[in-house]
Amino acid sequence: MLSKRVIPCLDVRDGRLTKGVRFAGNVDIGDPVETARIYYEQGADEIVFYDITASAEGRGIMLDVVERVASQIFIPFSVGGGISTVEDMRAVLVAGAEKISVNSAAVKNPDIISQGALAFGSQCVVVGMDVKKVPACEAIPSGYEVVIHGGRRPMGLDALDWAKTVEALGAGEICLNSIDADGTKDGYELTLTRLVAENVGIPVIASGGAGNPDHMADALTEGKASAALIASIVHYGEYTLPGIKEHLAGRGVKVRSVW
């Protein structure tokens with residue numbers, strides 16, 4: 001059995017680390033470069049970096065911040081936000097990332113997934129999905145709708161259908177974020193996570209809602225996720241990565257050792 005991954009997420013706005021609840025009320029909580037270095041030293045399996053306003057503002061990602069983070073960590077590093085072309089992907093990889101995460105741009109132009117997979121390999125292409133629970137209908141039979149531009153624009157697109165589509169187009173991984181659970185610390189949206197994980201053959205990263213290590217264990221077992229994304233619980237010092245991994249191991253979840 002593959003080890004489950006623990007992945008701190010750095011949401012960055014104007015070059016600073018930020019955090020909100022349900023994609024709103026973001027506050028400045030520090031320097032993303034220093035924070036990434038600390039998480040690397042504590043034993044993070046990967047780091048995810050999102051420039052959270054790039055797509056909505058119609059600009060490219062802040063490559064200088066990506067370069068500075070990449071210089072401090074030596075683990076897989078995934079970067080997203082404002083990436084809309086293969087050239088953007090290449091620039092982010094050259095800046096030091098190992099993976100590119102596309103979200104809004106992929107919904108608007110699904111070909112970017114297959115183009116990126118062809119140019120750099122599926123292992124480099126992560127599709128981020130921001131999803132909101134809605135009443136089930138003909139267009140959205142699962143009851144989960146894809147929303148883009150940082151939760152600002154609902155697309156009338158069924159989340160499960162979209163997950164299957166991105167896998168077929170060559171994505172190597174899905175980062176599945178529940179807008180309803182995001183930042184609440186009430187636990188991951190397990191029904192959504194399990195629904196997608198059971199219906200695709202690529203790894204699914206659970207995102208949104210972690211309040212304690214038990215929530216993570218639930219996402220990695222009941223939710224069948226391959227990895228758990230965390231933010232608030234480590235950003236605010238409530239838990240450390242070594243402590244989280246020790247707890248997960250105690251719950252029977254296979255994780256990589258902290259060196």
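The values are calculated or read from the model by the stated rules, or taken from the named source; none is laboratory data. Everything quoted here is computed from the prediction, not taken from an experiment. Ideal geometry is used to build each Cβ from the backbone, glycine not excepted, and the neighbour counts take in all protein chains shown. When the accessible area is computed, the model is the full protein with side chains, heavy atoms only, and any ligands, DNA or RNA have been set aside. Shrake-Rupley method; radii C 1.70, N 1.55, O 1.52, S 1.80 Å.
To keep it simple, each residue is scored yes or no on (1) within 14 Å of the chain's Cα centre (by Cα); (2) acidic (Asp, Glu); (3) under 28 Å from Gln72 (Cβ atoms).
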site	(1), (2), (3)
Val102	yes, no, yes
Val107	no, no, no
Pro110	no, no, no
Phe120	no, no, yes
Gln123	no, no, yes
Val131	yes, no, no
Val134	no, no, no
Tyr144	no, no, no
His149	no, no, no
query: Looking at the stretch 115-126, which of the residues that are of a type in the set (A, V, I, L, M, F, W, C) and touching a Gly at 6+ places or on another chain (Cβ under 9 Å) is farthest from Asn177 (Cα to Cα)?
result: Leu118
- prompt: Looking at the stretch 223-259, which of its residues are out of contact with any Leu (no Cβ under 9 Å at 6 or more places or on another chain), assigned to a helix (DSSP H, G or I) and at pLDDT below 95?
  reply: Ser232, Ile233
task: Would you please name the residue that is modelled with the lowest pLDDT, looking only at residues in the stretch 50-73 that are part of a loop (DSSP other than H, G, I, E, B) and in contact with a helix residue (DSSP H, G or I) (Cβ under 7 Å, 6 or more places away or on another chain)?
output: Gly60
field: Condition broken by Ser101, with the remaining ones in (1) part of a strand (DSSP E or B); (2) open to solvent by 20 Å² or more (accessible area, probe 1.4 Å) satisfied
entry: (2)
